[in-house]
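Can you read through this structure? Questions will come right after.
The values are calculated or read from the model by the stated rules, or taken from the named source; none is laboratory data. The structure presented is a predicted model; accordingly, all values stated were derived computationally and were not measured. Here Cβ is always computed from backbone atoms with ideal geometry, including for glycine, and neighbour counts include all displayed protein chains.
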Amino acid sequence: MAERIECVVIGAGVVGLAVARALGRSGREVLVLEAGESIGAGISARSSEVIHAGIYYPAGSAKARLCVEGRRLLYDYCRARGIAHRRCGKLIVAAEPGELPRLQALQSAGRGNGVTDLRWIEADEARAMEPALRCVAALESPSSGILDSRALMVALRGDLERLGGSVACRSPLLEGRPIEGGLLLQAGEAAAPDALIARLVINCAGLEAQAAARRLGTPPGRIPPLRYAKGSYFQLQARCPFTRLIYPLPERGGLGVHLTLDLAGRARFGPDVEWVDRVDFAVDPARAAHFYPAIRRYWPQLPDAALQPAYAGVRPKLAGPQAPLADFAIQGPEQHGIARLVNLYGIESPGLTAALAIAETVAALAQAVV
């Protein structure tokens, strides 16, 4: 006999856990199915742990709206739950005079998205703030910050469990199909799967979202293409002279090789952008060769041999390297035709910052589809 449950969330990354918590807060019974050994072991474990302000995204996009709202919710949540974080601020720099128009465009875009505290600073003031920095001008983003993403996910899981929900690790979705009143799911070990009947399914499977959608019966023509953009990080082995995050101007597919800090003050650089055909988290030490010149555009004193491989992540892109930036895709039955199913695709950066706002959006959509 299949066990009946009101809501199943597929994927226990930061977005899946935030969605499950939001559904639980609305009074629903929630089970999260996670294929891995633990929560947050996929995309969520391989980010920069940056709280973004909402500067980079097209006006009116879901990324812009959910990042700005998510940032507010995230700072409030971290304070309320005692999650380690720091509003350290960020400088986005123009390294050469020819980059000034792009920096000005970023300022306008950020303001248009509701980032009200952006400030243009000239080179002298930027160097007074960060003496090791080289630039001709910069944008200061005081509301950018960093957090302990693992602690965030543990807190979200704790909230869910206090609301009566649960997380089942080592429980991959094997298959599913619509039935009257919900979806019939098979999950767990292929040799002895568990059967579940869910009134509502939310697909937050990240890199596996398209595969999960296919298993749930989503018509192939309603599933967006998936492209993998790998990003490698290198740890700084020398003393870090910076107290803020330092970002160059964004590049196609990413935000440029930037300097981020952890809560202990250690520095790392990345991610870069490498378009790949499969998920691979190995860091090629040879990629440091293009990190050095990129970093020295804004930090000329970077010592030789100061970078060591750290980790890599893979972003689930909905558009390839030559295409315009793709938005988050949150699709309900009106978009794909499967009742009681919501699919989330392309939840890459700023997904961590936007997670709580994404969760509120999905919870509101759930009210409409069930």
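For the range 331-338, state whether one or more residues are closer than 26 Å to G110 by Cα and not β-branched (V, I, T).
No, because not a single residue in the range 331-338 is closer than 26 Å to G110 by Cα and not β-branched (V, I, T).
Which of the following residues is at pLDDT 95 or above, of a type in the set (S, T, N, Q) and out of contact with any helix residue (DSSP H, G or I) (no Cβ under 6 Å at 6 or more places or on another chain): S38, S26?
So the residue among S38, S26 that is at pLDDT 95 or above, of a type in the set (S, T, N, Q) and out of contact with any helix residue (DSSP H, G or I) (no Cβ under 6 Å at 6 or more places or on another chain) is S38.
Tell me yes or no: at least one residue of the range 188-195 is touching a residue at least 40 places away in the same chain (Cβ under 8 Å) and surrounded by 18 or more Cβ atoms within 10 Å (Cβ to Cβ).
No, the conditions are met nowhere in the range 188-195.
So, one more: Can you tell me which residues in the range 166-180 are in contact (Cβ under 8 Å) with a residue 40 or more places away in the chain and either surrounded by 19 or more Cβ atoms within 10 Å (Cβ to Cβ) or over 28 Å from the mean Cα position of the chain (by Cα) (or both)?
V167, S171, P172, L173, G176, R177, P178
How about the range 289-310: which of its residues are over 20 Å from the mean Cα position of the chain (by Cα), under 28 Å from Y57 (Cα atoms) and small (G, A, S)?
A294
Residue by residue, here is whether (1) outside any strand (DSSP E or B); (2) surrounded by fewer than 21 Cβ atoms within 10 Å (Cβ to Cβ); (3) touching a His at 6+ places or on another chain (Cβ under 7 Å) holds:
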{"position": "L17", "(1), (2), (3)": "yes, no, no"}
{"position": "A22", "(1), (2), (3)": "yes, no, no"}
{"position": "G27", "(1), (2), (3)": "yes, yes, no"}
{"position": "V32", "(1), (2), (3)": "no, no, no"}
{"position": "G54", "(1), (2), (3)": "yes, no, no"}
{"position": "G60", "(1), (2), (3)": "yes, yes, no"}
{"position": "L73", "(1), (2), (3)": "yes, yes, no"}
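Does C67 meet the test of being closer than 28 Å to F281 by Cβ, over 15 Å from the mean Cα position of the chain (by Cα), outside any loop (DSSP other than H, G, I, E, B) and not assigned by TED's automatic domain parsing to the domain that holds A187?
no
Which residue is farthest from P142 (Cα to Cα), if the candidates are limited to the range 215-240 and must be surrounded by fewer than 14 Cβ atoms within 10 Å (Cβ to Cβ) and touching a residue at least 24 places away in the same chain (Cβ under 8 Å)?
P219
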